[in-house]
Amino acid sequence: AQSVTQPDIHITVSEGASLELRCNYSYGATPYLFWYVQSPGQGLQLLLKYFSGDTLVQGIKGFEAEFKRSQSSFNLRKPSVHWSDAAEYFCAVAPTSGTYKYIFGTGTRLKVLA
Amino acid sequence: DTAVSQTPKYLVTQMGNDKSIKCEQNLGHDTMYWYKQDSKKFLKIMFSYNNKELIINETVPNRFSPKSPDKAHLNLHINSLELGDSAVYFCASSQGLATITDTQYFGPGTRLTVL
């Protein structure tokens with residue numbers, strides 16, 4: 001069955017520290033991959049997406065993600081976390097053809113310590 | 001200048017009632033969506049409309065009826081509310097016909113609590 005797993009429900013980091021949020025997927029073929037962020041009281045905002053090509057993808061707000069086909073992973077990283085990065089982060093996959101239907105992970109809540 | 005807006009933000013109601021959630025987008029997009037996020041944060045698509053035409057209809061009870069009066073609005077009406085309907089409902093929109101390359105823009109969500 002198609003699924004997205006975000007193993008870490010909560011992560012706490014200090015401001016200025018590096019961050020890595022994990023995402024693994026189970027899919028019949030390599031899907032399109034996305035990371036969204038949900039700030040408190042806000043809707044989801046797209047951080048970055050991977051369709052093809054370079055497996056290291058740059059996104060907004062200084063985030064990047066690396067697609068590793070052999071590990072079925074698409075981990076999100078940021079070299080130096082800011083307090084404003086505290087939010088919920090969702091990984092999602094979608095098929096490469098047909099109607100555009102996301103499958104979302106259950107999210108990772110990031111807390112940033114001052 | 002909110003891109004995708006939803007009303008109300010919070011909705012508390014009794015079992016058996018009928019309620020509606022409204023969504024509006026001012027992005028000029030052609031496609032709109034409804035998602036349900038349950039208590040475990042699992043987010044799943046329910047419906048999608050393109051230019052007022054239903055294009056995605058997942059396995060959703062027929063108590064849920066989306067209505068799109070124009071392409072800028074997609075409302076969700078729920079009949080005979082049940083406890084299991086308690087969730088956060090997100091509206092989203094995208095430029096094209098729900099194709100893979102179109103970024104979806106989400107509203108802030110409506111938290112529905114059924115007592």
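The values are calculated or read from the model by the stated rules, or taken from the named source; none is laboratory data. A quick note: this is a predicted structure, and the numbers were derived from the prediction, not measured. No Cβ is skipped: glycine too gets one built from the backbone with ideal geometry, and neighbour counts run over all protein chains shown. Only protein heavy atoms, including side chains, enter the accessible area calculation; ligands, DNA and RNA are left aside. Shrake-Rupley method; radii C 1.70, N 1.55, O 1.52, S 1.80 Å.
Structure notes:
- All conditions in (1) within 13 Å of another protein chain (Cβ to nearest Cβ); (2) over 18 Å from residue A:45 (Cα atoms); (3) open to solvent by less than 10 Å² (accessible area, probe 1.4 Å) hold for residue A:105, with the sole exception of (2).
- Unmet criterion (only one of (1) open to solvent by less than 60 Å² (accessible area, probe 1.4 Å); (2) more than 11 Å from chain A (Cβ to nearest Cβ); (3) within 10 Å of the chain's Cα centre (by Cα); (4) touching a residue at least 40 places away in the same chain (Cβ under 8 Å)) for residue B:22: (1)
- The single condition among (1) out of contact with any Leu (no Cβ under 6 Å at 6 or more places or on another chain); (2) assigned to a strand (DSSP E or B); (3) not small (Gly, Ala, Ser) that residue B:35 does not meet is (1).
- Candidates A:5, A:30, A:55 - the one that is over 27 Å from residue B:110 (Cα atoms), surrounded by 14 or more Cβ atoms within 10 Å (Cβ to Cβ) and polar (S, T, N, Q): A:30
- Taken residue by residue, the stretch A:58-78 has no member that is open to solvent by 10 Å² or more (accessible area, probe 1.4 Å), within 14 Å of chain B (Cβ to nearest Cβ) and on the phi > 0 side of the Ramachandran plot.
Per-residue answers, yes or no, for (1) open to solvent by less than 40 Å² (accessible area, probe 1.4 Å); (2) at pLDDT 90 or above; (3) out of contact with any strand residue (DSSP E or B) (no Cβ under 9 Å at 6 or more places or on another chain); (4) under 22 Å from residue A:103 (Cα atoms):
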| site | (1), (2), (3), (4) |
| --- | --- |
| B:14 | no, yes, no, no |
| B:27 | no, yes, no, no |
| B:42 | no, no, no, yes |
| B:74 | yes, yes, no, yes |
